[in-house]
Structure formats: C-alpha cells, structure tokens
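Colleague: If you scroll down you'll find the structure; I have some questions about it.
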Amino acid sequence: MTASIAAEPDSPESKQQLRKSVTASAMGNATEWFDYGVYAATATYLTDAFFPGELGTLGTMLGFAVSFLLRPLGGMVWGPIGDRIGRKAVLGTTILLMAAATGAIGLIPTHASIGVAAPILLILLRVVQGFSTGGEYGGAATYLAECATDRKRGFFGSFLEFGTLFGFVGGSAVVLACQLVLGTDAMHDWGWRIPFLIAVPLGLIGWYLRARLDESPVFEEVADQPHPPGGLREVLTTYRRETLTLIGLVVALNVVNYTLLTYQPTYLQNTIGVSDSTTTAMMLIGQLVMMVVLPFFGALSDRVGRRPMWLVSLIGLMVLALPMYWLMGKGIVWAVIGFIVLGLFYVPQLATISSTFPAIFPTHVRYAGFALGYNVSTAAFGGTAPLVNEAVIEKTGWALFPAAYMIGASLIGLVAWTFLRETAGTSLRGTEVPDVENIDPPVPGPTAPAKALA
C-alpha cells in the first residue's frame, strides 16, 4: 500500500511504490512540458503560419504568454479539488486536457487558409493548455513530495524537474529531427505540425501511468481525520506569509526559466543571427547538461538544506547574467558556454522546487496554496517573460535586456528568500506549517530524522 512509504520507508513494497510515483510524476510532467519545448523550438514556423506581418514574432510570444493567463484560474479550480478529493484524480484529468489541446494545435489551418480565425484558434487552445497546467504542476510536485521519504525529498523531488527538462529536450529533439529530415521548406509548410501531434500518444501514456498510482499517504492520513478547513479563503487569510513567499520565489524562478528555456531560441535567431537547427542543437546541449546535474543538486539540498541552495543560485545569477549574455553575442561557441553557466546556476532552484514549494504549506491547503501562489506569479512574470524581452529589445535595441530582467527578478527572489523556512528533513504530515525549528527535540541538521508534525 502507498501508506507504507511513510510507515516503513525501507520495505521493498515502499521502495517499489516510490519508484512508481517518481516515474509517473516525472513522465506525466514531461508530457505536459513537451508542448512548451515544441512551441519554443517552432516559434519561427508558428510566426509564419499564424502571425504574418512585421509584428509576427510578438504575436507568437503573445500566443505563448496568453496561455498563462488561465493558469491562476486553473490553480484556483484544481488546487482546492485536489485538497478535497485527492491528488491522483486531478493529475489524470489535467494531462488528458493538455495532450488533447496540444495535438489540436497541429491540426489548425494556417492564416493563409482561414485568415484571422487561425491565430484565434491557436490562442484558444493555448488557453486550454494554461488552464490544465494550472493544476498539473502544483499537483505533481505536491504528490511527489508527499510520497517521498523526508530525508531524501530533495533527491526524489528533483526527478520531477528532470521530467520537465526531458519534456523540453524531447520537444526540441523532435523539432530538430524534423528539421534535419524534412528540410526548411517542408518544415515551414507542414512539418512543424508533427511534433504537436506526437503529444497525443505521449499524453495517453502519462495518463495510464498515473491511473495506476495509489493516492498520496500524507493526503489520506489528513483526509481520514478531523482537520481545519481548506480552500482558497483559508490560504489567503491564514497563510498570507507563505503565499507571498512562494510568489516572490517563483518570480525569480520563472523569469529565468522562460527566458533561458523558452525565449532563448528566438533571442539567438533574431538578435545574434544563429540558424534554426544550430539554435535547437545548442538548446539541447545546455538542457542535457542541466538534466545530468539535477539529481545531484537535489541530493545536495537534503544535506545542506533548501535555503543555502536558493541563496547561491540567486546571487550567482545576479552576478553572472550580464557577463554571460555579453559573451553569447560573441559567437555560437560562446553562446553555448554562456547558456550552460547560467543554466548551472539556475539548477539549484530547479532541482529543489518539488521539495521546497510543497513544504511551504500544511497538508490541508498544500495543493491549493501551491497552485494559487505558483500560478499567479507565473502568469504575471513567467509566461510573459518572452513577450517582455522581445518587446523591449525591439523598442530599445538593447540586446542585454534579458540579463537585466533576470537580475531584477533575482532581487525579488532574494527578498522572498529571507522569509523562507528551512524544511529539509522535516515531515510534511499534519496541519501545521513544516519548519525544522518546530521539531521537538530540535534536530542537529537537515538530514536528521524528523518527527512528524502534529
């Protein structure tokens, strides 16, 4: 049974169930984020197909950003449902919605065929994706954090982000393969549709894996006992500090994320003049390096704590963003080096999302609090990052603006970091806010066994 993960973490049954939980969460998340990798890698083709004209690139970036407008609403809907009926049911629904919307993008007629209806349909499908993603990410991170053992939550949680990058890499790799096999003309005509259509079978595989999971043992424990009320009102009235802390951290996290992993292909092509296939290959190299080191950073956070990891990342990005973006302008080799350096300093944040963010809230509001805070911040600052970067560069001609934007976001994250509680090694059980200082007796370090919070 799933509950054995908590009761007997070293039993064979618990280890097997934990592996299933990690695999299904990561694979499902990879399927969700496969679309974002495809959309970023096919941005120039989508511009020609749906947004012809001088402001075409801005239209494509708007198509990316608009999907994020529905993410807070998705979080408000899916989060409380997940806290009420369980994590598993919501995760199965969101992945099916995402796969269906992504596949449908590959079937939309172009602007040349149906005129303005083409970009409208694209944007509507991006809205559906945003609504489903509003419940997907918070739910997957919450579920995995509640299934992982307390002393290795950072290590196991990092595989959710491994899945995220795998989705990005998978999307980029499929686009690159299509570019090499079909050629530029065919890609512009119809080849760009293939990667979007591939999302449908991937979504069905992810749904099947999640359907075979048991419910989170931490959720079941609270659901079977009397507990305080949950829902958005409880989050906004009782857990304001926690919500604002999460929002501030996500500003830093997602401005860097969507600048480096989504806007970067457009930036390199338009600003530096790098070819489509070269840009895609460069992104693949950088993301593969990040994937390799993710589990190591996750395991490191179990030993040293989450707060030190975030501090090093935030300060590193603030110091190196401008020099690395200047270096990217010196040629493709330097662009690869600059991207990898910034990616490695970003990974400490990425590797600890699933162990840090769910632990900010207690069980009865964990899904709702995570989904609300994460998606509000992502909608305002993450999904809009490509659009803001492109608009400012076109207006001012300042090619280093993405670096300045990263620095400003990291400053906001640093302020939020001062309010972040250390939770490495603590239990996520119960209805109290997890905090290493609340453990009685106090533990000597973050890796010490933690008493379950009452």
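Colleague: What is the magnitude of the charge dipole of the chain about its Cα centre, with +1 placed on the Cβ of each Lys and Arg, -1 on the Cβ of each Asp and Glu, and no other charges, expressed in debye to the nearest 20?
Modeller: 280 debye
Colleague: Something else about it: With θ set to phi - 60°, apply the Karplus curve 6.51 cos²θ - 1.76 cosθ + 1.60 along the stretch 142-154 and write out the HN-Hα couplings as whole Hz, x wherever there is a Gly or Pro.
Modeller: My calculation for the stretch 142-154 gives 5, 4, 5, 4, 6, 8, 6, 6, 4, 7, 10, 5, x Hz in order.
Colleague: For the chain, what does the relative contact order come out to in percent, with C-alpha contacts under 8 Å and a separation of six or more? Don't jump to the answer; show the numbers that get you there.
Modeller: Working: 875 pairs, mean separation 115.0, N = 454.
Once divided by the residue count of the chain, the mean separation gives 25 percent.
Colleague: Quick one: what are the phi-derived ³J(HN,Hα) couplings along the stretch 31-37, Karplus 6.51/-1.76/1.60 with θ = phi - 60°, whole Hz, x for glycine and proline?
Modeller: Karplus-based 3J(HN,Hα) across the stretch 31-37 equals 5, 4, 8, 4, 4, 5, x Hz.
Colleague: Count charges around Gly92 for me, please; just the other residues with Cβ under 11 Å from its Cβ, Lys/Arg as +1, Asp/Glu as -1.
Modeller: On the way: positive: Arg87, Lys88, Arg210, Arg212; negative: Glu136.
After counting each charged neighbour, the total is +3.
Colleague: Now for a separate question. Here are several values of Kirkwood radius over Cα pairs in Å: [x] 21.8; [y] 22.6; [z] 23.8. Which one was derived from the coordinates shown?
Modeller: Here Kirkwood radius over Cα pairs in Å agrees with entry [x].
Colleague: Another question, if that's okay. Can you pull the accessible area of Thr184 for me, 1.4 Å probe, Å² to the nearest 10?
Modeller: Counting only protein heavy atoms, Thr184 exposes about 90 Å² to solvent.
Colleague: Follow-up. For the stretch 79-148, what class follows from the C-alpha gyration tensor (a ≥ b ≥ c being the square roots of its eigenvalues): rounded when a/c is under 1.5, otherwise prolate if a/b is larger than b/c, else oblate? Kindly include the intermediate steps, with their values, before the conclusion.
Modeller: Details: a/c = 3.94, a/b = 3.32, b/c = 1.19.
Prolate shape, in that a/c is at least 1.5 and a/b is the bigger ratio.
Colleague: Report the charge-dipole magnitude of the stretch 176-246 in Debye, nearest 20, computed about the Cα centre from +1 at each Lys and Arg Cβ and -1 at each Asp and Glu Cβ.
Modeller: Numbers: 6 positive and 9 negative charges, 49 e Å.
Its charge dipole is roughly 240 debye.
Colleague: Specify whether the C-alpha gyration tensor of the stretch 289-399 places it in the rounded, prolate or oblate class, a ≥ b ≥ c being the square roots of the eigenvalues: rounded for a/c under 1.5, otherwise prolate if a/b is larger than b/c and oblate if not. Walk me through the numbers on the way to the answer.
Modeller: Values: a/c = 2.82, a/b = 1.40, b/c = 2.01.
Since a/c reaches 1.5 but b/c is at least a/b, the shape of the stretch 289-399 is classed as oblate.
Colleague: Something else about it: Which whole-percent values make up P(r) of the stretch 110-207 when all C-alpha to C-alpha distances are grouped in 5 Å steps starting at zero?
Modeller: So the P(r) values, bin by bin, are 2, 10, 13, 18, 18, 15, 10, 6, 4, 2, 1, 0.
Colleague: Relative contact order for the stretch 214-339: what is it in percent, counting Cα pairs under 8 Å that are at least 6 residues apart? Provide the component values of the computation, followed by the final result.
Modeller: Numbers: 36 pairs, mean separation 22.2, N = 126.
Result for the stretch 214-339 is 18 percent.
Colleague: Normalised by the number of residues in the stretch 276-370, what is the relative contact order in percent for Cα pairs under 8 Å and 6+ residues apart?
Modeller: 34 percent
Colleague: I've got another one for you. Summing -39500 (n - 2.57) over the DSSP H runs of n ≥ 4 in the chain and dividing by its residue number, what mean residue ellipticity at 222 nm do you reach, to the nearest 500 deg cm²/dmol?
Modeller: -24000 deg cm²/dmol
Colleague: Number of Lys-Lys pairs in the chain under 17 Å by Cα, sequence gap 8 or more or different chains?
Modeller: Pairs that pass both the separation and distance tests number 4.
Colleague: Classify the stretch 170-259 from the C-alpha gyration tensor, please: rounded if a/c falls under 1.5, else prolate or oblate depending on whether a/b exceeds b/c.
Modeller: Oblate.
The values are calculated or read from the model by the stated rules, or taken from the named source; none is laboratory data. This is a predicted model, so every value here is computed, not measured. For neighbour counting, all protein chains shown are included, and Cβ atoms are generated from backbone atoms with ideal geometry for every residue, glycine included. Surface accessibility is based on the protein's heavy atoms, side chains included, excluding ligands, DNA and RNA. Shrake-Rupley method; radii C 1.70, N 1.55, O 1.52, S 1.80 Å.
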